[in-house]
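K.L.:
First the structure, then my questions, so here it is.
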Amino acid sequence: MGMDLQSKIRLALGMVKDHVSIGKATIYNPCGFTRLEIAVVRATCHDSSPMDDKYMHEILFLVSNSPGSIPFLAERISHRLGKTRDRFVALKSLVLIHRLLRGGNRSFEQQLCGAYVSGHLQMSTKWLPRNNSDHSICFLHNYAAYLEERMSWLINQAGKLEPIMPKGLDLQFYDGKTIDLVFRRLPKCQVFLEKVLNCSPLNILPSDSLAQAAMCNTLKESFQVYMTFCEGVAALVNMFFDLKRSARALACDILKRASKQSQELYDMFDTCKRFMGSKNLEFPYVQVIAMDHVLALEQLVHSTPKAPNGLLSSTESRSSPPIFNFLKKSTELQATMADKEGNEAHEKRGGESSLSLSLFSCKLETKISKVWVVFDDDDDEAKELSSVKSKLLDVTQVHMNVDPLMWGSQLTRK
């Protein structure tokens, strides 16, 4: 009963403060943005209910018709967040920033992010002491840290989040887009997802609808970034054996972190499904990356001779030591599942040699004769083809097991 009375007194005092703030904005506003400041106060009032989207739309409308008002808007929200000592006002101020980022157009989003870089927009919650026993305070701090990272991301024309990457690092090896995705975007995705993981739903009470609304927006954006995260991991695995040793070590560090985060994301999304199942959220399927696979690749890096400095290894210097300890079980399983007709061919190649050929590229050595071969004009095409086949097989020797009939079929098609 005492808590109910205390919350009522807090709400009454908060409403008085809101009315005072609105009165001050009406009487004195040197910039002429009275309606904009009033909309900010009303959007971040002292009650515990979720923020009404009508105030967000009103702010966007006022900003679109008032050039130069975005720095003023950023300063008013920062002032509201820094001056208050009420948790609901602080959380509503952060939610307002998040909703403006998601609801405004690309130009508005870029200008608001620019206001954060210039210092007009501040999202510090240092005035609120951390208390691990108070889960709502922990969520407030973690949500503020998430929004600070969110400021380095923009919504592209396709409606998906993409990081703001600094210019100047131009890597023109391999595939430019793949290098950018693996070594620049993927680490940014990992930082983003780390901030999301800190906003644990376990710190949100079932009755705290305001925090649940904030978490809902955070999850929606994490789903998009997770898709980019998966694309980056897949590209990194595909190009792993094309990298030099130093780059492989960096790739292993990225994969280790990805393995840890994939398991944490799986657990977090599973928890959110139970706590926030009625929010119509389309949770993605999380593919957990096995740490054993990453450790096997790391063992491969240590067993590879050190290569010259650079990012990608050339075809001539590419080394491919086998990792039979890691893939032995999968190879044996494939051998037992093979058809009876293919067992003899599999045994002939050998378990280790077939694995090596399937994983790594084989180097072909070709000896070409310098003897000129003169062909006589003959109307008999069959006789001419037979002569070409025999002479070509005599002058070309490839150090692999190549079936001569295969060469004949290729020449006939030509």
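The values are calculated or read from the model by the stated rules, or taken from the named source; none is laboratory data. Computed from a prediction, not measured in an experiment: that's the story for all the values here. Here the Cβ is made from the backbone with ideal geometry for all residues, glycine too, and neighbour counts use every protein chain on show. These area figures cover heavy atoms from the full protein model, side chains too; ligands, DNA and RNA do not enter into them. Shrake-Rupley method; radii C 1.70, N 1.55, O 1.52, S 1.80 Å.
K.L.:
Can you name the number of the only condition in (1) loosely packed, with under 14 Cβ neighbours inside 10 Å; (2) in contact with a strand residue (DSSP E or B) (Cβ under 7 Å, 6 or more places away or on another chain); (3) among the charged types (D, E, K, R) that residue 244 fails?
P.N.:
All conditions are met except number (1).
K.L.:
Now a separate question. Working only within segment 168-204, note down all residues that are over 21 Å from residue 146 (Cβ atoms) and at pLDDT 90 or above.
P.N.:
none
K.L.:
Could you pull out the residue among 143, 55 that is at pLDDT 95 or above and closer than 30 Å to residue 6 by Cα?
P.N.:
Unique residue meeting the criteria: 143.
K.L.:
While we're on this one: Taking segment 35-54 only, how many residues are more than 20 Å from residue 85 (Cβ to Cβ), free of Cβ contacts under 8 Å to residues at least 40 places away in the same chain and of a type outside the set (D, E, K, R)?
P.N.:
2
K.L.:
Next up: If we only count helices (runs of 4 or more DSSP H) wholly inside segment 18-118, which ones have 2 or more residues that are under 22 Å from residue 139 (Cβ atoms)?
P.N.:
53-64, 70-83, 87-103
K.L.:
Can you name the condition, by its number, that residue 85 falls short on among (1) under 20 Å from residue 127 (Cα atoms); (2) surrounded by 15 or more Cβ atoms within 10 Å (Cβ to Cβ); (3) touching a residue at least 40 places away in the same chain (Cβ under 8 Å); (4) of a type outside the set (S, T, N, Q)?
P.N.:
(2)
K.L.:
Restricting to segment 18-34, and then to whatever is touching a residue at least 24 places away in the same chain (Cβ under 8 Å) and surrounded by 16 or more Cβ atoms within 10 Å (Cβ to Cβ), can you tell me which residue is nearest to residue 69 (Cα to Cα)?
P.N.:
The qualifying residue nearest to residue 69 (Cα to Cα) is 33.
K.L.:
Output the residues belonging to segment 268-292 that are open to solvent by less than 70 Å² (accessible area, probe 1.4 Å), in a loop (DSSP other than H, G, I, E, B) and more than 15 Å from residue 220 (Cβ to Cβ).
P.N.:
286, 288, 289, 290
K.L.:
Pull up segment 199-256, narrow it to residues that are acidic (Asp, Glu), part of a helix (DSSP H, G or I) and in contact (Cβ under 8 Å) with a residue 40 or more places away in the chain, then point me to the one that is farthest from residue 185 (Cα to Cα).
P.N.:
Filtering first and then ranking leaves 242.
K.L.:
Out of all the residues in segment 242-286, which are closer than 28 Å to residue 211 by Cα and of a type in the set (Val, Ile, Thr)?
P.N.:
271, 286
K.L.:
Specify the residue that is farthest from residue 198 (Cα to Cα); the eligible residues are those in segment 247-256 that are touching a helix residue (DSSP H, G or I) at 6+ places or on another chain (Cβ under 7 Å) and buried (at least 18 other Cβ atoms within 10 Å of the Cβ).
P.N.:
Our first condition is that a residue be touching a helix residue (DSSP H, G or I) at 6+ places or on another chain (Cβ under 7 Å); within segment 247-256, this holds for 248-249, 251-252, 254-256.
With the extra rule that they be buried (at least 18 other Cβ atoms within 10 Å of the Cβ), the set shrinks to 248, 251-252, 254-255.
Details: 248: 29, 251: 24, 252: 24, 254: 19, 255: 20 Å.
Across segment 247-256, the extreme among qualifying residues is 248.
K.L.:
Please determine whether any residue of segment 129-140 is under 23 Å from the mean Cα position of the chain (by Cα), buried (at least 16 other Cβ atoms within 10 Å of the Cβ) and closer than 27 Å to residue 209 by Cα.
P.N.:
Yes, some residue in segment 129-140 is under 23 Å from the mean Cα position of the chain (by Cα), buried (at least 16 other Cβ atoms within 10 Å of the Cβ) and closer than 27 Å to residue 209 by Cα.
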